[in-house]
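None of the figures in this text is laboratory data; all of them are computed from the coordinates on show. Model, not experiment: these values are computed from the prediction. Cβ sites come from the backbone with ideal geometry, for glycine too, and all protein chains shown count toward neighbours.
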4 protein chains.
Amino acid sequence: MSPTRKLPVAILGATGAVGQRFVQLLADHPWFEIAVLTGSDRSIGKPYGEVARWILNDPIPDAIAEMVVQPTDEVADVPIAFSALPTENAQESEPQWAAGGVVVCSNASSFRMDPLVPLLIPEVNPEHIALIEHQQRQRNWRGAIVTNPNCATITLVMALKPLHDAYGVRHFFTTTLQAISGAGYPGVASLDILDNIVPNIGNGGEEAKIETEPLKLLGTFADGAIQPAEIGISAQVTRVPVIDGHTATVAVELAAKASPGEAIATLSEFRAPPVVRGLPSAPARPIVVRAEADRPQPRRDRDLYGGMGTTVGRVRPCNLLDLRFVVLSHNTIRGAAGGAVLNAELLVAEGVVG
Amino acid sequence: MSPTRKLPVAILGATGAVGQRFVQLLADHPWFEIAVLTGSDRSIGKPYGEVARWILNDPIPDAIAEMVVQPTDEVADVPIAFSALPTENAQESEPQWAAGGVVVCSNASSFRMDPLVPLLIPEVNPEHIALIEHQQRQRNWRGAIVTNPNCATITLVMALKPLHDAYGVRHFFTTTLQAISGAGYPGVASLDILDNIVPNIGNGGEEAKIETEPLKLLGTFADGAIQPAEIGISAQVTRVPVIDGHTATVAVELAAKASPGEAIATLSEFRAPPVVRGLPSAPARPIVVRAEADRPQPRRDRDLYGGMGTTVGRVRPCNLLDLRFVVLSHNTIRGAAGGAVLNAELLVAEGVVG
Amino acid sequence: MSPTRKLPVAILGATGAVGQRFVQLLADHPWFEIAVLTGSDRSIGKPYGEVARWILNDPIPDAIAEMVVQPTDEVADVPIAFSALPTENAQESEPQWAAGGVVVCSNASSFRMDPLVPLLIPEVNPEHIALIEHQQRQRNWRGAIVTNPNCATITLVMALKPLHDAYGVRHFFTTTLQAISGAGYPGVASLDILDNIVPNIGNGGEEAKIETEPLKLLGTFADGAIQPAEIGISAQVTRVPVIDGHTATVAVELAAKASPGEAIATLSEFRAPPVVRGLPSAPARPIVVRAEADRPQPRRDRDLYGGMGTTVGRVRPCNLLDLRFVVLSHNTIRGAAGGAVLNAELLVAEGVVG
Amino acid sequence: MSPTRKLPVAILGATGAVGQRFVQLLADHPWFEIAVLTGSDRSIGKPYGEVARWILNDPIPDAIAEMVVQPTDEVADVPIAFSALPTENAQESEPQWAAGGVVVCSNASSFRMDPLVPLLIPEVNPEHIALIEHQQRQRNWRGAIVTNPNCATITLVMALKPLHDAYGVRHFFTTTLQAISGAGYPGVASLDILDNIVPNIGNGGEEAKIETEPLKLLGTFADGAIQPAEIGISAQVTRVPVIDGHTATVAVELAAKASPGEAIATLSEFRAPPVVRGLPSAPARPIVVRAEADRPQPRRDRDLYGGMGTTVGRVRPCNLLDLRFVVLSHNTIRGAAGGAVLNAELLVAEGVVG
């Protein structure tokens, strides 16, 4: 199940904020070895360490810093590519890599809602990888594209999955408080966010993703297609002066009633399928429920299980619906690069690639 | 209607954060003159400038700094007192001052839900001051107690009032992002809030206020009592690293449907009753609706009309209910000291005191 | 001495951060009236309110928002222009406007050290305006260029001027803690400065300005030239997560000894020359010395006298030199647009223009 | 040299901010095992997890959370105690523990300047532990007190030590930008530091420590006493909105001239004595010199070598003295609990205890 030798991988769009997270998470990965880094025209042919304006706190690994950046439009001979490309570039380049035989684990939004592309969270909908063979057949690709959801979506869906399985989620209201790292680098100007809140992201686009992606993620696979879940969602997003970690308040209506105590038990006992549990990047437990009245908090909970854990708190009744709670996870690890790496690990474990 | 000479006023609990705002707002007030400042035992008999750890950006007015702090338990001979007392102290002292003939305009929560005490926002429910004569009769007080709502409540109710009048508010969900100044001084520890969010205030107590006070504020006065409005409210509160200005997201269901355009018109055209419009602290317009996609923002909108204005933005449809929007106002001016001063002005204009 | 009618003025580079401060300070100016706003190619021909991404907390004045942006390379028929141009553009455009008969009050660094251009702080070296006639003669200009110093320089020199006059400043060490607004907009990325300090600005360029400009400012005018002061300066700059207000620590050696008490008296009693005192933008007193042990602080002292005041604190002996102190002023008002406006007011009062 | 079994240790004043860091650093220490936690009266007899308001991002280790808090005034039967006591408590309790046979590694300032107490940084002055036998003899103690310096002092001295050895430090000017965690918890109020700087710490007391402790640290041990180094120091301190990591600018005069290149080599090549290099908490290298123009930065450099490293940057000439640079280290790890733990490790390795 685990590969006998390290698989060479490419990182597409490696110089940006999410690309750097890929480099960080893959530099010492037990299954993968960074073989190719691609970048924009101004970077091609230059050492990665020179062209990446490194913003993470851990230093660039020396060996990676010396790697020469390659063009994104030349498909490399690797089984797996991680894509941190901007939307438009992903739209164009990811199909080329898939056609060239590479399984692309993409953080871009371009193909998330494509009916033939799995939108994947290993703990939530691993069975959706069955879409891949349909994708390959219909697109005539030897490789494939697999995507991970928007960083706020994944925070929410991780907590909603066990509730949906146990009680049926009918609809929910959410307000998110999203970290500045979600906007990349340079991203949010300090003059816009110090002593301030910005009550919108992507001019409504972020809310649209949060209102649609969960339906696919919690949908059922049958006959080569995903039947979306029937859940009503109302999302309002804000940007807050926090470096990493998206927080969301949730008020949810369930088909079958559940007390806060039952919901806490359901969330705490949630486990990934066995194949997922042993993956190198899988968190020890998908969800930790905190009993304290003032958790989760981004600075104190975002690094749970190396940034791959999800923390829930304040599970309590709702005056209008059934339950309310607060949920948090690390937006650039669980919500971006780490999510894509876990997806790739699942594909290897399931024999889709490797 | 406006007083012919300045009325002497007392500030109860003058050394704390809200007490200082009262000092700031009253130092040059056209109708009122600070005559008495009361404080805790350690302050009594000392100059205000020595015992108040002044935290506002404007300096203490010199004349005020030299005033000697008085005990709170000796009722002074003034027509009006502004109370910034902590809850327990307010519980005990405010009735003494009311019994002693003083009209207490209180920012404390102690008597907000007392059925004989007006919970007052001049633009919203000025007719509730009719409660005062019942209060005076039943309590046998020559003075009275009048309260202003919780700082997050007032932000919300200001925007809900015109919608309720025009379309009927059935229920709403709100998540608040509240400024640190709401916790007073020293209040929130910097280690708790820098690069962080705290998803609770007062261990649920703040949410309880937001879920009950609006029913009284939007209720109707008849036969000496307030009949509370029938509105369902679900509130989730958070503390954010912002100095001043509470922001709230709202999703609301209305009895009569309204498009975003109609709601924007209703909010923009909302005006206070004539008697309120001319008050010294009344904002030029109660509500300003911003058309930009990224407003309101606390740093950029909190000082509207000297901190007495309310800003609404992102009025748009809701997937699940009727409308969504974001609303903001200054929590220690509109939401505390400024609100109490405007209440006092109304009482003078209506001849209740002065 | 004050103009009988308002003088029409141009703002060059009006859409940026400093340009916006000019708009704010000039919108209701008693002597000046904004007649022309210039901008870059993408802005020309469009309403100012559409192309300026307004970042100040006060709203754009309506009348200004509707003004159509003009090209910078067409000299307008105005007596005065305020320049917020970037260095390279200033290098090229300001001489054109000066040649065209306009007195350019510039915030750009391009000509600050030009031996024929006054580097001017009205309270410090008003006699340097005598350079203008030499400048006009030698450059054959009908107009002129007058500059204000770097935003950190002015903070320091304002405090050093009275000490230099009274005791002679021999050399000083300074470390600055500079606000993010000094970098313009978008300027400093929030990911670079939240929970962080950056110990450099402009790759040493800021320090070079602080180490040279004071010599000219404190120099003496004689025979058509400025003889620079002989002062040794060592500056180290840092960027801190503060919105507005530059703070500097200073350790200074004096030619004639002065106790802290004497220095405090000298600083507190410092007054601008009579012609400066009555100018509309002149602070009531150039310097306020705070006695508290923890002042000056940017958030609490930057707005002194509308942002035109300078606050000094912690005047005390130095173990190694004579005195130490901390000084602060508002970097985009006193240190940029406000400084240039005060310069223009002095030129009008002295009959150089108008 | 390393102990054959884990040594039981006490943490005095374990519930506060530094006490928590001790718990974190000792929970999995290879040589030490937490045996006793002491606290104030309100904590005694209760589980540590209940009484410590845990502020670190890593959770409390479960086993520690269940330990019952002991009184500080009962000396426990352990070879080593780590003291995070407040100054006054340390003054009284530490001698009791030392008299009772315990070697107290203290972070308190009470005995730092005591002529018989080593003020110790293992990489800097390990030979000062020879003071211990004199201390024991003269005080008639079986145990001893050993202290680590103030958190800003250690940042500075780590960089000055190799320069002093190689070139002789004559005097230096420093301005520090200190993190909020240095004030403990709750410590700095958020209303005092958000969008702000406070230019003083401890009303001059912090500066006094920085101006005296280095003389002892860089002094020479002879005849049972420390002969202080002859260095002139002028320090100005500020508090900045940074969570962890003290930054200092330094301008230094040397007895023997050194170019920036020579100083960089001296700093980079600096190594601890062999006995120190192998200690569990010793950083791989004491000092890392960064070549980038904008380092060190607290958020990006404080965690170097688990928070035990020191980062130097911007080594360059000084206009007035010889060299300037910026230095940074983690104030609550290297500058407090981690420093004390490293001290204890040295004492074990040298056979003083264990």
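Separation between the C:Met113 and B:Ala208 pseudo-spin-labels, each 7 Å from Cα along Cα→Cβ, expressed in nm?
6.7 nm
Quick one: Cα centre-to-centre distance for region B:34-50 and region A:213-249, in angstrom?
That distance is 55 Å.
Can you compute the charge dipole magnitude of region A:18-137 about its Cα centre, using +1 on each Lys and Arg Cβ and -1 on each Asp and Glu Cβ, nothing else charged? Give it in debye, rounded to the nearest 20.
Once rounded to the nearest 20, the dipole reads 220 debye.
What does the net charge come to around B:Glu350 if you take all other residues with beta carbon closer than 13 Å to its beta carbon, with K and R at +1 and D and E at -1?
My count for the surroundings of B:Glu350 gives -3.
Here is the link list: A:Lys46/D:Lys257; B:Lys6/B:Lys216; B:Lys216/B:Lys257; D:Lys161/D:Lys209; A:Lys257/B:Lys209; A:Lys216/A:Lys257. Which ones come out longer than 28 Å on Cα distance?
A:Lys46/D:Lys257; B:Lys6/B:Lys216
Per residue of A:182-189, count partner chain C-beta atoms within 10 Å of its C-beta, then hand back the mean as an integer.
Values: counts 0, 3, 2, 4, 7, 5, 5, 11.
Averaged over the peptide's residues, the number is 5.
Let me have the relative contact order for region B:32-122, percent, based on Cα pairs under 8 Å that are six or more residues apart.
24 percent
Could you give me the ³J(HN,Hα) list for region D:339-354, computed from phi with Karplus coefficients 6.51, -1.76, 1.60 and θ = phi - 60°, whole Hz, x at Gly and Pro?
Each residue of region D:339-354 in turn: x, 5, 5, 4, 4, 4, 4, 4, 5, 5, 4, 8, x, 5, 9, x Hz.
To check you understand DSSP bridge types, tell me what percent of the beta bridges within region B:151-330 (both residues inside) are antiparallel, rounded to 5.
70 percent
Pull up the DSSP beta bridges for chain D and report the antiparallel fraction as a percent, rounded to 5. All intermediate terms of the calculation are to be shown ahead of the outcome.
Working: 26 of 57 bridges.
Bridges in chain D are about 45 percent antiparallel.
A:Ser268 label point, 7 Å along Cα→Cβ, cut-off 18 Å on backbone N: hits in region D:52-67?
Those under the cut-off are D:59-63, D:65-66.
At R0 = 51 Å, how high is the FRET efficiency between A:Glu92 and C:Lys6 if r is their beta carbon distance? Nearest 0.05 is fine.
0.35
Just checking the output field for A:247-253: average partner chain Cβ neighbours within 10 Å of each residue's Cβ?
4
Remind me, relative contact order of chain D in percent, using alpha carbon pairs under 8 angstrom and six or more residues apart?
Result for chain D is 18 percent.
Can you find, among B:Pro214, B:Ile231, B:Leu267, the residue farthest towards the positive end of the dipole of region B:151-330? Put +1 on the C-beta of Lys and Arg, -1 on that of Asp and Glu.
Most positive-ward Cα: B:Leu267.
For region C:151-330, calculate the relative contact order in percent as a whole number, restricting contacts to Cα pairs under 8 Å that are 6 or more residues apart.
28 percent
Based on the alpha-carbon gyration tensor of region C:137-231 and its eigenvalue square roots a ≥ b ≥ c, which shape applies: rounded if a/c is under 1.5, prolate if not and a/b is larger than b/c, or oblate?
Oblate.
Other chains near A:53-65: what is the mean number of their Cβ atoms within 10 Å of each residue's Cβ?
Numbers: counts 2, 2, 4, 2, 7, 3, 5, 0, 0, 0, 0, 0, 0.
Partner-chain Cβ atoms within 10 Å, mean over residues of A:53-65: 2.
Rounded to whole Å and ordered largest first, report the semi-axes of the equivalent ellipsoid of region B:208-354 derived from its Cα gyration tensor (root of 5λ).
25, 21, 16
Any idea how far apart D:Ala256 and A:Gln138 come out in nm if each label point goes 7 Å out from Cα toward Cβ?
Here the modelled spin labels are 7.7 nm apart.
Expected output is a single nm value to one decimal: the length gained when fully extending between B:Asp77 and B:Glu127, i.e. 0.36 nm times separation in residues minus the C-alpha distance. What is it? Spell out each step's value before the answer.
Values: separation 50, 0.36 × 50 = 18.00 nm, distance 2.76 nm.
Stretched out fully, the B:Asp77 to B:Glu127 stretch lengthens by 15.2 nm.
So, by mean Cβ neighbours within 10 angstrom, what's the order for B:79-91, D:129-141 with the highest one leading? Mind dumping the intermediate values first?
On the way: B:79-91: 22.0, D:129-141: 16.5.
Taking the mean over residues of other Cβ atoms within 10 Å, the ranking is B:79-91, D:129-141.
Please state the charge dipole magnitude for region A:151-330, taken about the Cα centre, from unit charges on C-beta atoms (+1 on K and R, -1 on D and E), reported in debye and rounded to the nearest 20.
It comes to approximately 420 debye.
Roughly how tilted is helix D:87-99, in degrees to the nearest 10 and between 0 and 90, from the longest Cα axis of chain D?
The helix D:87-99 is inclined about 60 degrees to chain D.
What base-10 log of the normalised intensity I(q)/I(0) is obtained for region B:1-143 from the Debye formula, alpha carbons as equal point scatterers, at q = 0.12 Å⁻¹?
Taking Cα atoms of region B:1-143 as identical point scatterers yields -0.48.
Explain nothing, just the number: dipole magnitude of chain A about its Cα centre with +1 on each Lys and Arg Cβ and -1 on each Asp and Glu Cβ, in debye rounded to the nearest 20. Display every interim value, and only then the final one.
On the way: 28 positive and 37 negative charges, 140 e Å.
The calculated dipole for chain A is roughly 680 debye.
Kindly work out what percent of the DSSP beta bridges joining two residues of the protein assembly as shown are antiparallel, to the nearest 5.
Values: 106 of 230 bridges.
Rounded to the nearest five, the antiparallel share is 45 percent.
From the mean inverse distance of alpha carbon pairs (Kirkwood) and the Cα radius of gyration, derive Rg over Rh for the protein assembly as shown.
Rg divided by Rh gives 0.97.
What's the local net charge at B:Phe22, with K and R +1, D and E -1, over the other residues with C-beta under 15 Å away? Walk me through the numbers before you get to the answer.
On the way: positive: B:Arg21, B:Arg334; negative: B:Asp28, B:Glu33, B:Asp58, B:Glu94, B:Glu345.
Local charge sum for B:Phe22: -3.
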